[in-house]
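Only one structure is covered here, and it is reproduced in the block below.
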Amino acid sequence: MHFLDQAKIFLKSGAGGPGAVSFRREKYIEYGGPDGGNGGRGGDIVFEAVAGLNTLIDFRYTQHFKAQRGGHGMGKDRTGAGAPDLVIEVPVGTQILSEDKEEILADFTEVGQRIVFLEGGMGGRGNASYKTSTNRAPRQHQPGEPGQEMWVWLRLKLLADVGLLGLPNAGKSTFINQVTNARAKVGDYAFTTLIPKLGVVRHKGREFVLADIPGLIAGAAEGAGIGDRFLGHIERCRVLIHLVDIAGQDPAGAMQTVRAELAAYGEGLAEKPQLVALNKVDLADAELVAGFAEELRAAGADEVFGVSGATGEGIEPLLDAVLAYLPDRTATETKGSEVEDDPGAEGDWSPLG
Ligand SMILES: Nc1nc2c(ncn2[C@@H]2O[C@H](COP(=O)(O)OP(=O)(O)OP(=O)(O)O)[C@@H](O)[C@H]2O)c(=O)[nH]1
Ligand SMILES: [Mg+2]
């Protein structure tokens, strides 16, 4: 299963400016000669991979990128101004594919990687450059070279920075719906969520990808419930949010059940930083919350956050704590650059499960 984010965009580099036809005309100077300058260069289309971007969502709103054309050449041998490059910022992990998606044209794997994708056209020659001993008053000049244009696909393979854990019904999907643009299905029965879902959290000027996964039950590692294969989706997370239902039977026991399944799964999941959140605090009074939090700490939780995915209560301090585990500006790490079959409809940008 892959989470893909994709966008189709149009690119056009700037045309070169035309060369000028001009003759020097000054008082007392006869036969001044040609002085038409060359046109300026058109702007390049440049891509740069930057930190701090996690999605291609911005390309849903801006789909056309055209660099400016070069300036006209002018008299007095003045060359036209070169147009600035148009720099398009993309998240690390983005690939540029041909319009038919058959070919990978560029692959951005690290922050700062920069490529000139379409060069701007050269400026045309002005008439001054045609002057020869036999042709002292040339009128030849060139138009600027045209820019290059093409449609391409941008494709980004998303990886979650943060994973949500918990028993079925702990409120994971409600939580991701509260803090991201995801619309995960919520239900008061176990295993409402069958496939992982991603959402992007924007908190205090930062951005990260959160994954909602199916609930874990005792024996998941041996296949109970729907098993634990989906844990692969959170293997590369930097931190996990473990939601414990305050209205559940035995919150501390629930936490230990989930932790035991992580340990059974292996792959370092049990050793990942884990923020324990006592969820659905809207259903309990402060005293009850404090009592359960104490139990969770006694059972091994470092710090316990009281939250409600339904009302949003207590979520801010939890997200603050998450940020502390993320690199200064989170960039989606992407490894591997194979092209997968397109699982979604054309133009569908949303993370697909
Ligand atoms: N009162 C209250 N109810 C909540 C809260 N969060 C979730 N619920 C309810 O708890 C039930 C389960 O919520 P889900 O978000 O589907 O839980 P889940 O952890 O995603 O469950 P699975 O996908 O089955 O693993 C639903 O009936 C929710 O309405 C909360 O903060 N407060
Ligand atoms: Mg769910």
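What follows draws every value from the coordinates through simple rules; no lab data is involved. Because the structure is a prediction, the values reported are computed rather than measured. With ideal geometry, Cβ positions are generated from the backbone for all residues, glycine too; neighbour counts draw on all protein chains shown.
State, as an integer percentage, the relative contact order of region 162-323 based on alpha-carbon contacts under 8 Å between residues 6 or more apart.
So the answer I get is 23 percent.
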Task: Cβ-based charge dipole, the chain, positive-most Cα from ALA49, PHE117, PRO34 - done: PRO34
Open item on the list: At 0.36 nm per residue, and after removing the present C-alpha to C-alpha distance, how many nm does the segment from ALA263 to LYS66 gain when stretched out fully?
Closed with: 65.7 nm
Open item on the list: Let me spell out the model: positive unit charges on the Cβ of Lys and Arg, negative unit charges on the Cβ of Asp and Glu, origin at the Cα centre of region 160-215. What dipole size does that give, in debye rounded to 20?
Closed with: 160 debye
- [ ] Return the sequence-ordered ³J(HN,Hα) values of region 186-195 in whole Hz as given by the Karplus equation 6.51 cos²θ - 1.76 cosθ + 1.60 applied to θ = phi - 60°, using x for Gly and Pro.
- [x] 10, x, 8, 9, 5, 6, 5, 8, 10, 10
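Given Cβ point charges of +1 (Lys, Arg) and -1 (Asp, Glu) and nothing else, what value in debye, to the nearest 20, does the dipole of the chain about its Cα centre take?
Dipole size: approximately 2440 debye.
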Open item on the list: Pick from ALA49, ALA15, ALA321 the residue whose mean-square fluctuation is largest in a GNM of the chain, springs joining Cα atoms under 10 Å.
Closed with: ALA321
- [ ] Determine the sum of side-chain charges near ARG25: Lys and Arg each +1, Asp and Glu each -1, restricted to other residues whose C-beta is under 12 angstrom from that of ARG25.
- [x] 0
- [ ] Report, for region 4-157, the % of DSSP beta bridges that are antiparallel, rounded to 5.
- [x] 75 percent
TODO: Return the FRET efficiency for the residue pair ARG297, VAL111: r is the Cβ-Cβ distance, R0 is 30 Å, and the value is rounded to the nearest 0.05.
DONE: 0.20
TODO: Mind giving me the FRET efficiency for GLN140 and PHE191? R0 is 51 Å, r the Cβ-Cβ distance, nearest 0.05 is fine.
DONE: 0.10
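Quick check on the chain: helices-only [θ] at 222 nm, where DSSP H runs of length 4 and up contribute -39,500 (n - 2.57) each and the sum goes over total residues. Nearest 500, please.
Details: 5 runs with 49 residues, N = 353.
For the chain, the value works out to -4000 deg cm²/dmol.
Can you tell me the relative contact order of the chain? Whole percent, Cα pairs under 8 Å, sequence separation 6 or more.
Across the chain, relative contact order equals 19 percent.
In region 162-323, what percentage of the DSSP-assigned beta bridges are antiparallel, given to the nearest 5? It would help to have the intermediate numbers written out before the result.
Working: 7 of 22 bridges.
Given both bridge residues lie in region 162-323, the antiparallel proportion sits at roughly 30 percent.
Across every pair of different alpha-carbon atoms, what Kirkwood hydrodynamic radius in Å does region 4-157 reach?
17.1 Å
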- [ ] Mind pulling the angle between the C-alpha long axis of helix 251-265 and the longest principal axis of the chain? Nearest 10 degrees, somewhere in 0 to 90.
- [x] 60 degrees
Open item on the list: From the C-alpha coordinates alone, can you work out the Kirkwood hydrodynamic radius of region 162-323, in Å?
Closed with: 15.4 Å
Task: Percent antiparallel among DSSP beta bridges (both partners in the chain, rounded to 5) - done: 55 percent
Open item on the list: 7 Å from Cα along Cα→Cβ at both GLU235 and PHE23: what's the point-to-point distance in nm?
Closed with: 7.7 nm
- [ ] Output ³J(HN,Hα) for region 46-63: one whole-Hz value per residue in order, computed from phi by the Karplus curve 6.51 cos²θ - 1.76 cosθ + 1.60 with θ = phi - 60°, and x for Gly and Pro.
- [x] 10, 10, 9, 7, 10, 7, x, 10, 10, 9, 9, 4, 4, 6, 6, 9, 10, 10
Open item on the list: I need the Kirkwood Rh of the chain: take the reciprocal of the average 1/r across all distinct C-alpha pairs and report it in angstrom.
Closed with: 23.7 Å
TODO: Set the Förster distance to 56 Å, then compute FRET efficiency between TYR31 and GLU102 from the Cβ-Cβ distance, nearest 0.05.
DONE: 0.40
Open item on the list: Taking only Cα atoms of region 200-276, what ratio of Rg to Rh do you get with Rh as the Kirkwood inverse-distance radius?
Closed with: 0.98
- [ ] Quick one: plug the Kirkwood hydrodynamic radius of region 82-216 (C-alpha pairs) into Stokes-Einstein at 10 °C, 1.306 mPa s, and report D in µm²/s.
- [x] 80 µm²/s
Open item on the list: Can you tell me which lysines have their Cα less than 30 Å from the Cα of LYS8? Leave out same-chain residues fewer than eight positions away.
Closed with: LYS66, LYS101, LYS157, LYS185, LYS197, LYS204, LYS335
